[in-house]
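Below is one structure; the comments refer to it alone.
The values are calculated or read from the model by the stated rules, or taken from the named source; none is laboratory data. Owing to the predicted nature of the structure, the values given are computational and were not obtained by experimental measurement. Cβ atoms come from the backbone with ideal geometry, glycine included; neighbour counts cover every protein chain shown. Note: areas computed on protein heavy atoms with side chains; ligands, DNA, RNA excluded. Shrake-Rupley method; radii C 1.70, N 1.55, O 1.52, S 1.80 Å.
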Amino acid sequence: RMFVVRHFSLAVHHHHHHRFVFPSWFRSFCLLSAVSSVRSFVPQQRHCPSPVTCPFVSLNRRSTLTKTTRTTSTGTTIVNNMLPKTTSISLDDAATASLEDAATTTTWLISKASTLQSLAATLSKQLGLPEETLQAMLQAKSPASTFVGRSQLMVATLPETVSRNNHPWSVHDITQLLSGSIKDGSKVGIIFCGDSAVDYAAPLTLAVAKAMPLYSQKTNSDAGSKTGDDDTVSTSITISFWNGQGELQTPSPEVQTAATAAAASVQLAQRWVDMPPAELTTDRYAAECQELCQQLGSTVQYSEIVGPDLDAKGYGGIYGVGKAATCPPRLVILEYTPENYDSASAAAEQTCLVGKAIVYDTGGLSLKPKVGMCGMKVDMGGSAGVLGGFAAAVRSGYPHKLTCLLCVAENAIGPQAFRNDDILTLYSGKTVEVNNCDAEGRLVLGDGVAHATKHVENVNLIVDMATLTGAQGVATGQKHAAVLANTPELEQTALQAGLKSGDLAYPLLYAPDLLMKEFDSTVADMKNSVKDRSNAQSSCAGHFIEAHLGPGYKGGWLHIDMAGPADFKERATGYGVGLVLSLLKVPGF
């Protein structure tokens, strides 16, 4: 066995640096001997001895026992999962050279066909391309491709008209066009052409970022060009904005800063959601939050309430849902105070973002079926959206105080699991009779909004975001989150924020006086699941959360149910980052 271990280590070393591979008979011998050795070392129990690291988290389980991270130029921290990747997204502030002289491997030209037709002569000159070739590409099926010298040109056309509930640039189409089309390790230029292109620089940048998710456990070592001794795959994307006359338009420095920060946050949110639950435990998520706070600097303070302390302090929703899991539940609190902040000013009011962070949802003792449970790693998508938005706002120099609360738990089954018929006392002081352990998100968020009204100083807007109900997709579809607001003005603000940012949203029925009867209980203040699932179910779930706001709270409350938009084709979308930035009125959003 010592011979096997020694020579197996040597094989790994040589394979990494020199692509050396031992013969198949030796690899088989190593495997059989290693299995024999491992059997005597398999632990009988796994514990979580510290609030920071879960022992069976292995972010690199097939390649090395250590976790390594890298930070891209846009600030995105990438975990070294098998084949580490970085994506650098920048906005061009100089004229774009012709394709023959460009340092890119591929250039994309994206606009409406009518815009490109009217500019064919100008664009052909700019790109160093015969006009008849460009005209032929516009007549072909989108996207069309050709080569100019050694560089590839892709021409993609967008819909000529969009509905009043879609983004003017149809950003979802852009993401789908680019998804899977940009090879890892390439250098890509993207030109958005149209009179309003520069006005939508930030959401267009997010549309590009969403097409480049970073998490992967694939072992294909040929997936792109590698740079450096660490085999990191680096993709570089430069985005330009041309007006209707084919002239370069440069976004303001504030918009460029916000757009690149938001792009980094979108990819960060995607990575969190795409990570399997064995990696992103509650402990790992908290550690990621702490690392992010260190990157954001001294203006952000981190604190948390963990495990039994939640129970002792009265957070019965978060503790009840998460107490059966191996790694404990927690309330993560991030507080941002700008430098030279004047707390006595009239603008001292602040927003509090609250995210549902169920790192995995089995349904608890109301166990989900096999098909329904797959993909439930996405159940922390709401927290990823608000945390990503929070980080991008800080990096953009947001001028007001901002608090972000993450209600972190795993809805697991075990001897300590909360049960149907249990009565939980939430932080609001209200009692909840459990009639569905799989309606856990509203329980943790009830604690979150109650904390916001009790402890967040001068809070005047509370925004909670969650993958809360399957019924959301029935109500507003797979592209639009469902929003519930306590004032018509806030409802319209959310609708317009979605149209501006590209994280689309649409209002739900707001009628707590009619719908809260669905939660009537004979032994507690309310139940946690409705009697009639056909009676505006998504609205009811939102009103349950609203019921736990402090009785004296007079500010705005906005609930965002984004169960549908959180992922697409088994990949996280990074939904929520842009919407949060638009609600906060960050430049460009």
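Less than 5 angstrom separates the built amide H of residue 362 from those of 411, all sequence-distant by 5 or more or on a different chain.
Surface listing: 173, 525 arranged by accessible area from highest to lowest gives 525, 173, probe 1.4 Å.
Kindly identify region 219-363 as rounded, prolate or oblate by the Cα gyration tensor criterion: order the square roots of the eigenvalues as a ≥ b ≥ c, call it rounded if a/c is under 1.5, otherwise compare a/b with b/c, prolate if a/b is larger, else oblate. Oblate is the answer for region 219-363, as a/c is 1.5 or above yet b/c matches or exceeds a/b.
Overall shape of region 251-323 was characterised from the C-alpha gyration tensor. The equivalent ellipsoid obtained from it has semi-axes of 31, 16, 11 Å, in decreasing order. Only protein heavy atoms count here; on that basis, with a 1.4 Å probe, residue 545 has an accessible area of about 0 Å².
Were the residues from residue 457 through residue 132 laid out at 0.36 nm apart, the gain over their Cα-Cα distance would be 110.7 nm. A Förster radius of 25 Å combined with the Cβ-Cβ distance from residue 492 to residue 162 puts the calculated FRET efficiency at roughly 0.80. When only alpha carbons are used to place a centre, region 441-517 and region 347-366 end up 12 Å from one another. Amide H to amide H distances under 5 Å link residue 179 with no residue, where only residues 5 or more positions off or on other chains count and H is placed in the peptide plane. Across region 261-300, Cα-Cα distances exceeding 15 Å account for 47% of all pairs.
Panel note: the C-alpha atoms of region 526-589, placed on their principal axes, show extents of 41, 37, 14 Å (largest first).
The convex hull built on the alpha-carbon positions of region 454-589 has an orientation-averaged projected area of 9.3 nm².
When the residues 500, 125, 210 are ordered by accessible surface, computed with a 1.4 Å probe over the protein chains alone, the sequence from largest down reads 125, 500, 210. Between amide H atoms placed 1.01 Å from N, distances below 5 Å from residue 191 occur with 108, 109, 110, 240, all of them 5 or more places distant or on a separate chain.
Couplings 3J(HN,Hα) for region 434-447, derived from phi with the Karplus relation 6.51 cos²θ - 1.76 cosθ + 1.60 (θ = phi - 60°), are 7, 10, 7, 5, 8, 10, 8, x, 5, 5, 6, 6, x, 5 Hz, where x marks Gly and Pro.
Binning all Cα-Cα separations of region 137-282 at 5 Å, short to long from zero, yields these whole-percent fractions: 2, 8, 14, 20, 20, 17, 10, 6, 3, 1, 0.
Only protein heavy atoms count here; under a 1.4 Å probe, residue 193 has an accessible surface of about 0 Å². Karplus-based coupling profile of region 562-579, in residue order and whole Hz: 10, 4, x, x, 5, 8, 8, 6, 6, 10, 5, 9, x, 4, x, 4, x, 5, with θ = phi - 60° in 6.51 cos²θ - 1.76 cosθ + 1.60 and x standing for Gly or Pro. Counting only Cα atoms, the size of region 340-470 along its three principal axes is 51, 31, 23 Å, in decreasing order. Determine which lysines satisfy two conditions relative to residue 368: a Cα distance under 17 Å, and not lying fewer than 8 residues away in the same chain. Straight-line reach from residue 368, under 17 Å: 377.
Rounded to the nearest whole Hz, the Karplus-based 3J(HN,Hα) values (6.51 cos²θ - 1.76 cosθ + 1.60, θ = phi - 60°) of region 406-423 follow the sequence 10, 8, 9, 6, 10, 7, 9, 10, x, x, 9, 5, 6, 10, 4, 5, 5, 10, with x at glycine and proline.
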